[in-house]
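Single-structure report; data block below.
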Amino acid sequence: QVQLVESGGGLVQPGESLRLSCAASRNFFSTYTVGWYRQAPGEQREWVAIIRSGQHTTYQDSVKGRFTISTDIAQSTVYLQMNNLKPEDTAVYYCNRYPPDTNYWGQGTQVTVSS
């Protein structure tokens, strides 16, 4: 069973940046389309960025131009570079296959954007 472990979250001010990482316990990201998801308090979990075949990316309009998803297949890691963060980006961030597989949800990493 593959485990996905997210890290890199924290408390930042609006306009600052964070880079999230998601590590897989074995080769995972070269096999599947992978996404980053987030869930804000009281909201449903939503996808924010997807990467196919290690290069083809898709973003939600709300993060387009600010977030970048990438993979390092050799390190079995997927990243989410988040620039110009806004308070509405505050959420717990997760990675998973796209579409998501319930077996692969991890603990997520908290991102809080506040002045």
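The values are calculated or read from the model by the stated rules, or taken from the named source; none is laboratory data. Quantities reported herein were computed from a predicted structural model and do not represent experimental measurements. Methodologically, a virtual Cβ is constructed for each residue, glycine included, from the backbone with ideal geometry; neighbour enumeration extends over all protein chains shown. Surface areas here come from the heavy atoms of the whole protein model, side chains and all, with no ligands, DNA or RNA. Shrake-Rupley method; radii C 1.70, N 1.55, O 1.52, S 1.80 Å.
At 1.4 Å probe radius, can you tell me the per residue accessible area of the chain in Å²? Display every interim value, and only then the final one.
Values: 6100 Å² over 115 residues.
That works out to 53 Å² per residue.
Using a 1.4 angstrom probe on heavy atoms only, work out the carbon and sulfur share of the accessible area of the chain in %. The partial results should precede the final answer.
Numbers: 2520 of 6100 Å².
In the chain, the share of accessible area belonging to carbon and sulfur is 41 percent.
Can you tell me the mean projection area, over all orientations, of the convex hull of the chain's alpha carbons? Units nm², please. Working shown, then result.
On the way: hull surface 26.0 nm².
Orientation-averaged projected area of the Cα hull: 6.5 nm².
Lys and Arg at +1, Asp and Glu at -1: add these up for the other residues within a Cβ distance under 13 Å of residue 19 and post the number.
The answer is -2.
Relative contact order (percent) for the chain, with alpha-carbon contacts under 8 angstrom and 6 or more residues of separation?
Details: 281 pairs, mean separation 42.5, N = 115.
RCO, the chain: 37 percent.
Restricting to Cα atoms and excluding each atom paired with itself, what does the Kirkwood estimate give for the stretch 1-62 in Å? Each step should come with its number before you reach the end.
Details: mean 1/r = 0.0740 Å⁻¹.
Hydrodynamic radius (Kirkwood, Cα only) of the stretch 1-62 equals 13.5 Å.
Calculate, for residue 17 and residue 105, the FRET efficiency according to 1/(1 + (r/R0)^6) with r their C-beta to C-beta distance and R0 25 Å; round to the nearest 0.05. Walk me through the numbers on the way to the answer.
Working: r = 25 Å, r/R0 = 1.02.
The calculated FRET efficiency here is 0.50.
Could you size up the charge dipole of the chain around its Cα centre, putting +1 on the beta carbon of Lys and Arg and -1 on that of Asp and Glu, and report it in debye to the nearest 20?
200 debye
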